[in-house]
Amino acid sequence: MAHYDVIVIGAGAAGLHCAATAGYRGKSVLVLDHAKQAGKKILISGGGRCNFTNMYASPENYLSQNPHFCKSALSRYTQWDFIALVQKHGIAYHEKTLGQLFCDDSAKDIVRMLLQECQQAGAKVQLRTEVLAVDSQQQNYHVTTSAGTYSASKLVVACGGLSMPKLGATPLGYQLAEQFGHTVLPVRAGLVPFTLQPQEKEVFAEISGLSVDVEASNARAHFKEAMLFTHRGVSGPAILQISSYWLPGEAVAINLLPQTNVASALRELRQQRPKLGLHSALQEWLPKRLVTSLSEIHQWPNANLADCSNNRFDEVAAQLNAWSLRPNGTEGYRTAEVTLGGVDTDELSSKTMESKRQPGLYFIGEVVDVTGWLGGYNFQWAWSSGWVCGQSV
Ligand code: FDA
């Protein structure tokens, strides 16, 4: 049976970065993955350009039952460390918005870079290898796969979360955690579009493709970004962000005109142009098609402003500045970018990612209960947790 210092399960962002880091320390490393290609999620991320980190990444951009857990890894391997690696490989990149860094050319550059790093570090990446079982015997881990059994002194679980099963996501990481006595906190889809109630879905499907800048908020978070109407409901950055803070049954407040106090703006307009219809007035600030859809949902009359009462203005203003949208649900793991919850951080070392229950076992990346906002934060967690683990295994 071939023996390695370290076996990493998962040739994704965290696993590859960890493997190279450990390899450079002289460790013999084997990375196993059932996929045909390494880093499949990296390849499709950021619309094919991979939003590989965020210049402003900090612990506040992460959700976790223990918000302090991610601090150590994020401060020991920062966005600037990963940017330096990208620069070392001559990969051109740019800031799109809000500190989000994307490849100029293609996400393939990032996968190529990680594979080159593994190669230079002597870490072997073995694809098309299904992990069937893992057990620990005499301080070694035996990993039984479709290509034979391998043993290692250290085992790193880097097989990600449940989002996008068509890209190879499986629950293996959570199963291994439970097998070795870990608590897995409830998982759910994050950074995911909302589906709408039947009537709203039908009306807003008419304006599918339309995007507006909004502020989406609830009691726990608020995000000022774009919202996109789709055939199934609503999406776009503002919605994906707030979805990670949403619980089924709750409403989300959408401010469709975050720069405008609609109640006073309507009163002003009534004085200036009393004969203007309410719908036309709203079209001063919002696309006509959206006003039509909202008028249908909220049943706004198209009366002249002069004939509208202050109460009517206040009602319309509330529906625009604090639209209470109650999603029907989410699109689920099929389209979610991440999985919230996962391996409980209380049972892991924040400095090394090693299990406090089972020596020599490590969990990194998305399988851990640390989930970033949209905008490069999830890859940064993969790089940071992968690096600190690679320094320790
Ligand atoms: P990752 O999912 O990358 O890797 C896990 C690996 O384990 C995979 O290669 C998989 O094949 C393998 N595996 C799973 N089960 C296995 C099994 N049973 N046996 C063997 N191997 C197994 N983030 C960001 O910061 N910027 C962005 O632009 C995007 N964009 C984006 C777009 C889309 C469409 C998605 C779905 C996600 C993103 N993300 C993102 C999130 C980001 O992709 C994600 O957080 C990281 O890839 C997580 O890295 P991991 O290495 O933990 O898992």
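Just so you know, all these numbers are worked out from the coordinates, no wet-lab data involved. These numbers come from a predicted model, not from an experiment. Here the Cβ is made from the backbone with ideal geometry for all residues, glycine too, and neighbour counts use every protein chain on show.
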If amide H atoms are modeled at 1.01 Å from N in the peptide plane, then the residues at a separation of 5 or more from residue 129, or on another chain, having amide H under 5 Å from its own are 33, 34, 35
Everything considered on the Cα gyration tensor (a ≥ b ≥ c; rounded for a/c under 1.5, else prolate if a/b is larger than b/c, else oblate), the range 1-118 must be described as oblate
Counting only residues 5 or more apart in sequence or on a different chain, those whose built amide H sits under 5 Å from that of residue 252 are 325, 326
The simple spin-label model distance between residue 166 and residue 280, using points 7 Å out along Cα→Cβ, in nm, is 4.6
For residue 53, the residues 5 or more places away or on another chain with a placed amide H closer than 5 Å to its own amide H are 101
From the Cα centre of the range 164-243 to that of the range 260-292, the distance in Å is 32
Env charge @ residue 373, Cβ radius under 11 Å, K,R +1 / D,E -1, value -3
